[in-house]
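A short worksheet on the structure shown next.
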Amino acid sequence: MKNQQLAEGSFYQHGWQSWNVTAWRPPQTPLRYPSVTAHRLQSTDPAHLDDKFPGGATLGALANPDGSIELKGALALDAWVSHTPNGLIGAGNSHWFERIGPENEVFTAYAAALKSTFGARTGSPGNVWCSWYSFYNNVNETAIHQVLDGIEGLPFDIVQLDDGWQQRNGDWHANKDFALGLTDLAHRIKATGRIAGLWLAPFIIDPDSETYRKYPDMVLRDASGEPVIAAYNWGPNYTLDVTRPDAQQWLASEMSRITDQGFHYLKLDFLYSAALPGQYHVETGREQAYREASQVIREAVGEDVYLLACGAPIVPSIGIYDGLRVGPDVSEIWDNADRTRHLADRAGPGGADAITTTLGRYWIRELIDIDPDIAFFRSRFCMLNGEQKQMIADLANICGFKANSDLPQWLLPNERERLSQFLAHTPKVSQLDRYRFSIDDRQVDFEPIVSSRPW
Ligand code: 9PG
């Protein structure tokens, strides 16, 4: 790979969890995190929000003036690499991998070293239909029945129900909009020859949940004994202290209950919450706690269930999960400028940042399936133009992970035809450069998108 477009001294900033910016930071760009609490929480590892220098989780790299890349990466958890005036500085009790050379070579060698340390699980889950971008939280069972009718004849392997089915976070039972229940829904999906998929945020606990009322001691607390706020999307929500034996037991029994209902593809979301700063029952290291909790989940569901990690710390997920969301949500907009530029929050939904961060993590694809989120084919309720939709579909092909969320009844005949082609055909992909790929007989260059993003 050539690096001639590199500015001197740029820093490869590796975001902590799925949604956090991962890209080459141009030299001299000031460090900027959101000032609004709810936006701060999801923009990086909260323990590093007040760092003086740019930094990233587990690894970092520098582009040298001669075009070579210097990579410093941990072969352990709970490590951080900062870009300081004295070069790359690692923090954490770590075993470090250090290498200087061509970009492709150093990242490939580091990936191989990570594989020896953490293992790997890869293999495509198949084509996914996901309910999020058609229904958001307003999903119900009639809507899913309608989807099952509408996708007849389209090669989807998995139908995955997203957020909106649960009573409350922590009370992982079907709400009133799913009167026939989850087992019935899984059964109907399976009757079409597809795998039933379900979203849940297994560590998140709503303060108004029955689970919190019954087991208030299971949640992570701060030094003053107050529950740690782990997400604001549903109002302030808490998280499990996953180092507690009772929390682990509860988690294992919830996970096996879900798979027993017939769901064999699970999108597990907001996973960073198991590694937030707090007073843990056992002080093992936050990422170590997350990894052990992930092992509890894997053991509870068995080896054959496909586990997709989302909002998840990256390296700590390797070897346990099958797939990993490697960028923020794409959504039906290209750039939410209010949020990305004015609030300095690039963890929010938008196609341009999803492309940028996903490509920033392309090097881990031999260790875990990389999920770039959804490709859009509809024009209804979608603000992406044709070129933008094409770029996102190209990204899905490059990643080898194809998912769609369009209500099939919204698609015009030519849109349905394009979706069908996308699902049926696996193009020949090769990487030509950091941001340039050949896809069958076309060349696609993402560089203008990546370099247009704000820092
Ligand atoms: C369900 C969604 C979808 C989606 C996930 C995750 O920062 N934020 O405001 C923010 C909002 C939603 C979000 C991520 C971040 O989406 O990535 O695919 O499952 O949860 O609630």
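Things to note:
- Förster-model FRET efficiency, 56 Å R0, ASP222 and ALA424, C-beta, rounded to 0.05: 0.65
- Accessible area (Å², per residue) of the chain, counting only protein heavy atoms and a probe of 1.4 Å: 39 Å²
- The lysine pair tally for the chain, using Cα distances under 22 Å and a gap of 8 or more places or different chains, is 12.
- Carbon + sulfur, % of accessible area of segment 204-351 - ligands and nucleic acids excluded, 1.4 Å: 45 percent
- Inter-label distance, TRP96 to THR183: 5.6 nm, where each label sits 7 Å from its Cα along the C-beta direction.
- Cβ crowding within 10 Å averaged over residues, with 394-400, 444-450 ranked highest first: 394-400, 444-450
- Shape category assigned to the chain from the gyration tensor of Cα positions, a/c cut at 1.5: oblate
- Alpha-carbon centroids, segment 26-61 and segment 106-124: separation in whole Å: 26 Å
- Placing a pseudo-label 7 Å from each Cα along the Cα-to-Cβ vector at GLN409 and SER256 gives an inter-label distance of 4.0 nm.
- Pairwise Cα separations in segment 3-118 fall into 5 Å bins from 0 onward with the following percentages, short to long: 2, 12, 22, 24, 20, 13, 6, 2, 0.
The values are calculated or read from the model by the stated rules, or taken from the named source; none is laboratory data. Treat the numbers as computed from the prediction; the structure is a model and nothing was measured. Cβ atoms come from the backbone with ideal geometry, glycine included; neighbour counts cover every protein chain shown. Surface areas here come from the heavy atoms of the whole protein model, side chains and all, with no ligands, DNA or RNA. Shrake-Rupley method; radii C 1.70, N 1.55, O 1.52, S 1.80 Å.
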